[in-house]
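Only one structure is covered here, and it is reproduced in the block below.
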Amino acid sequence: RMLATPGARRAVSDVLTDGQQYQVRASWVSREVYTATETITVVSNPTAPGAATGLSRSYAAPNVTLAWTNGTGGYYRTRIYRGTTTTFASATLIATVAGVAGAAHTFANAPGTGTWHYWAVTINASLIEATPTGPVSQTI
């Protein structure tokens, strides 16, 4: 059973699994007319966690080592993205790193020759991303 607030475009249920897709239809109580079936993805926590802070890099062949402090307030994991430009939208996810909220963390990557740009993005347990931190860059 779901409870919905009129006009809120959201419903609350305690029997659905976070991140799963469901086929749903809706109707008003005491009416036999249902909406068309739609696919929804359940998100239990739509609030982004605090962003990572203090992102830095060091290089000792062949590794670029990133260091940062994990975000707080809803932290679950940190995603590491790498790209060949300073445009985050064109970067590729290369790792998801476990850690502790508010704790310092590192990650090493051996990307090969080129100029590389890195971002750290914290996520909550519903995989909602915080604002990206970065880039930091390294030419090899």
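Couple of notes before you dig in:
- For segment 112-121, Karplus couplings with θ = phi - 60° (6.51, -1.76, 1.60), whole Hz, Gly/Pro x: x, 5, x, 10, 10, 10, 10, 10, 10, 10
- Solvent-accessible area of the chain (1.4 angstrom probe, protein heavy atoms only): carbon and sulfur portion equals 52 percent.
- Segment 25-101: chymotrypsin sites (Phe, Trp or Tyr not before Pro) falling in loop per DSSP and having at most 11 other Cβ within 10 Å: 28, 34
- If R0 is 41 Å, the Cβ-Cβ spacing of residue 115 and residue 27 corresponds to a FRET efficiency of close to 0.10.
The values are calculated or read from the model by the stated rules, or taken from the named source; none is laboratory data. Only a predicted model underlies this, so the values are computations on that prediction, with no experimental measurement involved. Methodologically, a virtual Cβ is constructed for each residue, glycine included, from the backbone with ideal geometry; neighbour enumeration extends over all protein chains shown. Areas reflect the complete protein model, heavy atoms only, side chains present, ligands, DNA and RNA absent. Shrake-Rupley method; radii C 1.70, N 1.55, O 1.52, S 1.80 Å.
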